[in-house]
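Remarks on the structure that follows.
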Amino acid sequence: MEYLQGRALLNAIGNLELTGAYAEALKKLGHNVEDVAREEPDAALGNGGLGRLASCFLDSLATLNYPAWGYGLRYKYGLFKQYITKDGQEEVAENWLEMGNPWEIVRNDVSYPVKFYGEVISGPEGIKEWVGGEDITAVAYDVPIPGYKTKTTINLRLWSTKIAPEKFDLSAFNAGDHAKAYSAMKNAEKICYILYPGDESLEGKTLRLKQQYTLCSASLQDIIARYERRSGEFLNWEIFPEKVAVQMNDTHPTLCIPELIRILIDVKGLSWEQAWNITQRTVAYTNHTVLPEALEKWSLELMEKLLPRHVEIIKMIDEELIQTIIDEYGTEDLDLLQEKLKQMRILDNIELPESVAEMIAKPEKSSVEAIESTEEDDVSDEETETTAEEDELEEEEIEEKNEVPPIIEPDPKLPKLVRMANLCVAGGYAVNGVAEIHSEIVKNEVFNDFYEMWPEKFQNKTNGVTPRRWIRFCNPDLSKIITKWTGSEDWVVNTEKLVTLRKYPQFADNEDLQSEWREAKRRNKVKVASFLREKTSYIVNPDAMFDVQVKRIHEYKRQLLNIMGIVYRYKKMKEMSHEERKASFVPRVCIFGGKAFATYVQAKRIVKFITDVGATVNHDPEIGDLLKVVFVPDYNVSVAEMLIPGSELSQHISTAGMEASGTSNMKFAMNGCILIGTLDGANVEIRQEVGEDNFFLFGAEAHEIAGLRKERAEGKFVPDPRFEEVKAYVRSGVFGPYNYEELMGSLEGNEGYGRADYFLVGKDFPSYIECQDKVDEAYKDQKRWTKMSILNTAGSYKFSSDRTIHEYARDIWRIDPVVLP
């Protein structure tokens, strides 16, 4: 659903090995390559780690010569452009296409029809036909993705939506009813206006579902047309899965499953059995989150209205799944069966299909009946002399034995839902998590019932990032040092070469290497300081520690824990004399960046809180350069490329068990930045690779979280006095007149929505501030800190997206590595 591409120019000329020649050519024309590059807006096609990972994967697929394409939507206004004002975050539409996009090629010759609403009718021989409704056209825009040091260039095909000319209501327009004439056009075009439109209203939900179906339908029609074109007269649908793999990035493209079946049955004339079998061998699913709200559940009523044919197909898939569950568990233990069906069905709060309900409800012949039928002729009159009461009692006992409790009775008070994640697991041949700890949670918690039934489907594929964009091009100073000390540039495509930096003890401790390393870091910090002044007007000291947390603003990512720690630090500074402050604290510049979703009120409160703390701290003459707090507006790939090379400490402090992987942690480590974090997502593996002594660890672990929440609900949690002190300090009004009661209140109480500190900020606070003391101590010893930095870069070798893509190709897509000249 999203790709966070960043700027294309420097990446393209870098991958094509033209950086020097291009810069020289521009110079002759009177231009500087960096100035020209800054004129390019970031493509507003994504928001967070999900989109950036997809873009890293495209770079690796091209570099490694795999035959792959990306499919997405061409959003006109992106997610939003973020401004920071006195009121906090404000959103306006992105204008990235205002001057056109030189990197795209519009393909008016490649377009496909997409339908919504209408009805399903049965044609001759029972063939289903989806007719009527609203018809739009998806038009392809191609974005070339060049590989590094290879002629391979793959394609990112983005769909834009419009109506066919014949759908324009010319008569209404000529009659003066312009609004009616334009309505169909606007309904089509708005599908590709905004990434993740607000979905609290029915209109918002409908638009999101339209976006998802447009992506799936247009892309699959394109894939199938290409397959048919290449097959020519030897078209064989049975080998389609041997030629095509469709990787669904999270649950947004789940409709690929019923759409592929629809095309194969309704358009290509295959049987249900053929289409279902082909689909199950073609589609695979990557789970990117354990958050319940991200495991999409769509209203059945809305889906029936918008996509009636797909609901018919989903009901058939649900029936297939139910039959598989019954085959696996039988009908003897109905309590177990009921629980399995409740957890695993695609359709939630919906009665069982009649055929299945009858099969379960039909009582087997009782043992009493069996005995009676075999011995009937041998029974004497004397033996059958029983009272009428005894007969009646026996019949009641038999009936009781054969009585079947009702299974999955729908609750009329609850909505009927389609569980997209369950559809992904049932319809795909592979399911993978994106970090070792996340994949274990996927198997043991999120999809445990499916894992018990289909263990062979589940895999781990730890995320990775492209070393081209995230170190070679964005950090040329450090790249030159790595090339010099490893002996070649091979590390750019073979990151295992980075291990050389830790292979020989004399490297990480070498004074010459350490001196070069520190100089490169300081040059990057000077650039960051200049950038911060330009973007925020705040002046920071490049000799202070640069402490960075940049990512989507969400309660589970715990920017609130970070800023509460800063408030504690500030309060302690204010209680000291000037001399005590200088002796006790390492100077820090605390940098934040990230967007809060437009309707996520609590996240927007956190942004406001951070900016208020910054406004107070940064203008406090007593504190001076000892502490600065800066929120960088409109965080995107280009901002990340500026901040990451100059960062020294990076915060990855999510509540354990809630971050699937994270990829910014990999980018920071690759650039020699030391991490402070919990044992969550890819942090676990990064810590293993860089060494426990080179990672600042704190906080509760994933297996403890449920127990800690239970303890809180029972009123047994006792908050640390330092945490209470910080909350009181915030409430005192020291950071301005804004009422932070709702924000502070979310950290209090034992139960209730928006209360009880669900993300365990208070629980982890003491561990966090004590860990920050260790950070200060380590930073005072610059020789030790530089060694830690070098070992972080060395340990990041495992987290290249090249490795990840090779693993997908080998284990999921079933293709061997491709080697081209």
Cross-chain or 6+ apart pairs with Cβ under 7 Å, segment 142-157 first and under 14 Å from L9 (Cα atoms), then in a strand (DSSP E or B) and open to solvent by less than 30 Å² (accessible area, probe 1.4 Å): V143/L156; V143/L158; P144/N155; I145/I154; I145/N155; I145/L156
Residues that are of a type in the set (D, E) and either more than 30 Å from K604 (Cα to Cα) or open to solvent by less than 50 Å² (accessible area, probe 1.4 Å) (or both), drawn from segment 68-104: E94, E104
Extreme residue, least open to solvent (accessible area, probe 1.4 Å), among residues of segment 565-593 that are touching a residue at least 60 places away in the same chain (Cβ under 8 Å) and part of a loop (DSSP other than H, G, I, E, B): V586
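For every residue, the table says whether it meets (1) open to solvent by 10 Å² or more (accessible area, probe 1.4 Å); (2) closer than 27 Å to K557 by Cα; (3) assigned to a helix (DSSP H, G or I); (4) touching a Gly at 6+ places or on another chain (Cβ under 7 Å).
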| residue | (1), (2), (3), (4) |
| --- | --- |
| A23 | yes, no, yes, no |
| K27 | yes, no, yes, no |
| H31 | yes, no, no, no |
| D35 | yes, no, yes, no |
| A43 | yes, yes, no, no |
| F57 | yes, yes, yes, no |
| S60 | no, no, yes, no |
| Y66 | no, no, no, no |
Every residue from segment 249-298 that is on the phi < 0 side of the Ramachandran plot, in contact (Cβ under 8 Å) with a residue 60 or more places away in the chain and of a type in the set (D, E): D266, E296
Breaking point among (1) open to solvent by less than 60 Å² (accessible area, probe 1.4 Å); (2) closer than 30 Å to K340 by Cα, for W485: (2)
Conditions (1) more than 30 Å from Q459 (Cβ to Cβ); (2) at pLDDT 95 or above; (3) touching a Ser or Thr at 6+ places or on another chain (Cβ under 8 Å); (4) not aromatic (F, W, Y): number failed by S796: (1)
Per-region count, segment 716-751, residues open to solvent by 50 Å² or more (accessible area, probe 1.4 Å) and free of Cβ contacts under 8 Å to residues at least 60 places away in the same chain: 12
Failed item, numbered, when D547 is tested on (1) outside any helix (DSSP H, G or I); (2) surrounded by 22 or more Cβ atoms within 10 Å (Cβ to Cβ); (3) more than 29 Å from the chain's Cα centre (by Cα): (3)
Restricting segment 5-21 to residues that are outside any helix (DSSP H, G or I) and either over 23 Å from T150 (Cβ atoms) or in contact with an Asp or Glu (Cβ under 8 Å, 6 or more places away or on another chain) (or both), the residue that is most open to solvent (accessible area, probe 1.4 Å): R7
Which listed residue, of Y797, Y768, Y758, is open to solvent by 10 Å² or more (accessible area, probe 1.4 Å), aromatic (F, W, Y) and in a helix (DSSP H, G or I): Y797
Check on R472, crowded, with 17+ Cβ neighbours inside 10 Å and assigned to a helix (DSSP H, G or I): yes
Residue that is modelled with pLDDT of 95 or more and in contact with a Ser or Thr (Cβ under 8 Å, 6 or more places away or on another chain), where the choices are N475, N494, N432: N432
Any hit, segment 603-613, residues being over 28 Å from the mean Cα position of the chain (by Cα), outside the structural domain of T85 (by the TED database) and of a type outside the set (D, E): yes
Selection count, segment 616-647, where residues are at positive phi and out of contact with any Gly (no Cβ under 9 Å at 6 or more places or on another chain): 1
Whichever residue in segment 45-55 is over 16 Å from A8 (Cβ atoms) and assigned to a loop (DSSP other than H, G, I, E, B) and, among such residues, is least open to solvent (accessible area, probe 1.4 Å): G48
Residues satisfying the stated conditions in segment 548-577, i.e. of a type outside the set (A, V, I, L, M) and in contact with a Gly (Cβ under 9 Å, 6 or more places away or on another chain): Q549, K551, R552, H554, K557, Q559
W130 among the hydrophobic types (A, V, I, L, M, F, W, C), farther than 20 Å from Y213 by Cα, out of contact with any Cys (no Cβ under 8 Å at 6 or more places or on another chain) and in contact (Cβ under 8 Å) with a residue 24 or more places away in the chain: no
Matching entry among P253, P197 (being closer than 18 Å to L79 by Cα and under 23 Å from the mean Cα position of the chain (by Cα)): P197
T599 being modelled with pLDDT under 95, β-branched (V, I, T), open to solvent by 10 Å² or more (accessible area, probe 1.4 Å) and on the phi < 0 side of the Ramachandran plot: yes
Those residues of segment 665-712 which are open to solvent by 30 Å² or more (accessible area, probe 1.4 Å) and touching a Phe, Trp or Tyr at 6+ places or on another chain (Cβ under 6 Å), in sequence order: R687, E711
Check on D509, modelled with pLDDT of 95 or more and either acidic (D, E) or crowded, with 19+ Cβ neighbours inside 10 Å (or both): no
Residues of segment 532-544 that turn out to be out of contact with any strand residue (DSSP E or B) (no Cβ under 8 Å at 6 or more places or on another chain) and part of a helix (DSSP H, G or I), as a count: 2
Residue list for segment 498-530, filter: over 30 Å from V630 (Cα atoms), in a helix (DSSP H, G or I) and aromatic (F, W, Y): F507
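Here's the yes/no breakdown for (1) in contact with a Gly (Cβ under 8 Å, 6 or more places away or on another chain); (2) of a type in the set (G, A, S); (3) assigned to a loop (DSSP other than H, G, I, E, B); (4) surrounded by 14 or more Cβ atoms within 10 Å (Cβ to Cβ):
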| residue | (1), (2), (3), (4) |
| --- | --- |
| I121 | no, no, no, no |
| E125 | no, no, no, no |
| A140 | no, yes, no, yes |
| I145 | yes, no, no, yes |
| Y148 | yes, no, yes, yes |
| L156 | yes, no, no, yes |
Residues being over 26 Å from the mean Cα position of the chain (by Cα), part of a strand (DSSP E or B) and charged (D, E, K, R) - total across segment 89-115: 3
Test: N739 is under 32 Å from the mean Cα position of the chain (by Cα) and of a type in the set (S, T, N, Q): no
Test: W298 is more than 13 Å from R419 (Cα to Cα) and of a type in the set (F, W, Y): no
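The values are calculated or read from the model by the stated rules, or taken from the named source; none is laboratory data. These numbers were taken from a predicted model, which means no experiment stands behind them. Here Cβ is always computed from backbone atoms with ideal geometry, including for glycine, and neighbour counts include all displayed protein chains. We work out accessible area using only protein heavy atoms, side chains counted, and drop any ligands, DNA or RNA first. Shrake-Rupley method; radii C 1.70, N 1.55, O 1.52, S 1.80 Å.
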